[in-house]
Amino acid sequence: MSPVPTWYQTAVFYELYVRAFQDSNGDGNGDLRGAIQRLDHLADLGVTCLWLLPTFPSPLVDDGYDIADYFGVHADYGTVEDFRALVEAAHARGMRVIADLVMNHTSDQHPWFQASRRREAPYDDYYVWSDTDQKYEDARIIFLDTEPSNWTWDKVRGQYFWHRFYRQQPDLNFDNPAVQQAMFDIARFWMGLGLDGFRADAVPYLIEREGTNCENLPETHAYLKQLRAFMDAEYPEAILLCEANQWPEDVRPYFGGDPDDPTVLGDEFHMGFHFPVMPRLYMALKRGDRTPVVEIMGRTPSIPVNCQWCMFLRNHDELTLEMVTEEERHWMWREYAPEARMRLNLGIRRRLAPLLDNDRRKIELLNSLLFTLPGSPIIYYGDEIGMGDDIWLHDRNGVRTPMQWDGSANAGFSDADSLYAPVISDEVFGYQRVNVVAQKADPASLYHTLRRFIAAYKSQPALALGDLRFLDHPDPALLAFERSYEGKTVLCLHNLGEHDVRVAVPDGQDMLADAPVSAGEVSLPAYGYRWLIQ
Ligand code: GLC
């Protein structure tokens, strides 16, 4: 008997980048007060949980994932009280809020690191120091385009420090019980502001051991289980969402429980991103062949009944190609990132709509998969209106441009003369054409399509909670599967090809057209999709 589904298992997430959302004080940066002004847009869309990107004081080398003070808010974004007000305002509209918990590293400007480099107690041992840069050589480098090594020399201390990301982000030493405890104190502080949980950043790398690749180590899992136990004891309704960009079998342990028995409750993370399925959605679409998606889902282990995957099409980072083969990566780059500037590290710095040639049919098709494959959907801000990108901006900033609210100056985002990043204003994706006001006024817009998806998704628990069964079909372009839950089955049909596909269906109801369908053959046009409930 499965437990009663909990809120996160049926949630619709929205990834909100505060800096890009709304500037309330005319300084060119989005801020927490501005985000509050725009919450009605998200409630209207049907979102049930916001995920806030980091808003901590930070030198912004890694856009806030380099934290200089865990107990504050960056002056550009507001104050801790504004943060509390945003959480309360979201709650008042029936939306929950989770925020990033960045455990693995701090900024090199964090007072802990400054004290550690001077060997000051008790911070002496807060980071991973070494006399040699020859340790942990089996650990890969993640920010390949920028960092030649995971070690950087610190002349103040006269030792190397370990960092899995930018050199300005020294890794905390999770073998130190004081660091372990400090993270609980940080979690408690933010939970005290009313949060509903955390998206835990970069968790595979917490602990290092010689002779391993320093990812997913048992010691890391042991600490994360302690974090979960702490959260369960103090905040039983809250969730932990795991960011582990790993193969499905390596993500499975992050849910905890018993790998052979999904009825045993998970005791580590409530949720985990399904990274490997994401590039395969693009791959399957471009090839007109369902195989990559069917294979990766077939390779996805079952998870405990109280857990849920998180599905996404794009996020604030490059479209990562770490979880594909080398050959597939080169193929993806050729197909989706033909210009060198579109590539970054092992990925692609483009948004959803430009990746899909701004072809409305393909954008809808991938969104349909986002809502019908297992896992809670996450919409990346701006993708609900098909925003574009600017590949010429530094790092991943090209997919973090100001939200396009209307056709007025600065897209209605800000009154300032100069913005933290330019608004997109090209002919195809410019705010003059692509904006919330225009799409709300047009019942045929992408915004309204997504709104219908969300309403249909919420109306039918099988889409969130149902078992998955793929159906066979002679045409590889047809990606057809059933989601079944408590006697209801939704048949989801997707045509990945550019030719019509005919498929036999039983009597049912078309959930999106809200019309009956009689048994017989239906024809799916190029990139067509149907959700049929029986
Ligand atoms: C995660 C974040 C990414 C950040 C990195 C280091 O992967 O999504 O934006 O750069 O962690 O904190």
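What follows draws every value from the coordinates through simple rules; no lab data is involved. Fair warning: this is a prediction, and the values are worked out from it, not measured in the lab. So basically every Cβ, Gly included, is an ideal-geometry build from the backbone, and we count neighbours across all protein chains shown.
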Q: Step through the residues of region 101-116 one at a time and calculate ³J(HN,Hα) from phi using the Karplus curve (6.51 cos²θ - 1.76 cosθ + 1.60, θ = phi - 60°), rounding each to whole Hz and writing x for Gly and Pro.
A: 10, 9, 9, 5, 8, 10, 7, 5, 8, 5, x, 4, 6, 4, 6, 5
Q.
My understanding is that a pair violates if its Cα-Cα distance is over 32 Å; which of Lys225/Lys362; Lys286/Lys458; Lys362/Lys458 do that in this structure?
A. Lys225/Lys362
Q.
For the chain, what does the relative contact order come out to in percent, with C-alpha contacts under 8 Å and a separation of six or more?
A. 13 percent
Q | Euclidean distance of C-alpha centroids, region 18-34 and region 433-456, integer Å | A | 23 Å
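Translational diffusion coefficient, Stokes-Einstein: compute it for region 348-484 using the Kirkwood radius over C-alpha pairs as Rh, at 25 °C and 0.890 mPa s, and state it as an integer in µm² s⁻¹.
Calculated translational D: 148 µm²/s.
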Q. Which percent, to the nearest 5, of DSSP beta bridges fully inside the chain are antiparallel?
A. 60 percent
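Can you sort Lys362, Lys135 from fewest to most other Cβ atoms within 10 Å of each residue's own Cβ? It would help to have the intermediate numbers written out before the result.
Numbers: Lys362 21, Lys135 16.
With the fewest neighbours first, Lys362, Lys135 line up as Lys135, Lys362.
In nm², what is the average projected area of the convex hull enclosing the Cα atoms of region 112-177? Each step should come with its number before you reach the end.
Numbers: hull surface 17.4 nm².
Computed as one quarter of the Cα hull surface, the answer is 4.4 nm².
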Q: Using Cα positions and a limit of under 29 Å, work out the lysines in reach of Lys155, with same-chain residues fewer than 8 apart set aside.
A: Lys135
Q) Taking every pair of alpha-carbon atoms in region 367-410, what share in percent sits in each 5 Å bin, from 0 to the bin with the longest distance? A) 5, 19, 20, 20, 16, 13, 6, 1, 0
**Q.** Inter-part distance where region 56-77 and region 181-257 are each reduced to a Cα centre, Å
**A.** 21 Å
Q: Beta carbons within 10 angstrom, averaged per residue: use that to sort the peptides 144-154, 202-212, 228-238, highest first.
A: 202-212, 144-154, 228-238
**Q.** Ratio Rg/Rh [Cα only; Rh per Kirkwood] for the chain
**A.** 0.96
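For each of Val505, Val423, count neighbouring Cβ atoms within 10 Å of the residue's Cβ, then give the residues from fewest to most.
On the way: Val505 18, Val423 22.
Lowest to highest Cβ neighbour count: Val505, Val423.
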Q. Nearest 10 degrees, 0 to 90: what angle lies between the long axis of helix 326-336 and the longest principal axis of the chain (Cα atoms)?
A. 70 degrees
Q. Amide H neighbours of Leu319 under 5 Å, counting only residues 5+ apart in sequence or on other chains, H built in-plane at 1.01 Å?
A. Ile348, Arg349, Arg350
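Per the Cauchy relation, a quarter of the hull surface: what is the mean projected area of the convex hull of the alpha carbons in region 456-534, in nm²? Mind dumping the intermediate values first?
Details: hull surface 19.3 nm².
Averaged projected hull area, Cα only: 4.8 nm².
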Q) In deg cm²/dmol, rounded to 500, what helix-only [θ] at 222 nm does the chain give when every DSSP H run of at least 4 residues adds -39500 (n - 2.57) and the total is split over its residues? A) -7500 deg cm²/dmol
Q) On a 0 to 90 degree scale, rounded to 10, what angle separates helix 446-459 from the longest Cα axis of the chain? A) 90 degrees
Q: For the chain, find the longest principal axis of its Cα atoms and tell me its angle to the long axis of helix 360-372, 0 to 90°, nearest 10.
A: 70 degrees
**Q.** Counted charge near Asp472, where neighbours are those whose Cβ lies closer than 13 Å (Asp, Glu -1; Lys, Arg +1)
**A.** 0
(Q) Please give the Cα centre distance for region 93-154 versus region 493-516, rounded to the nearest Å. (A) 50 Å
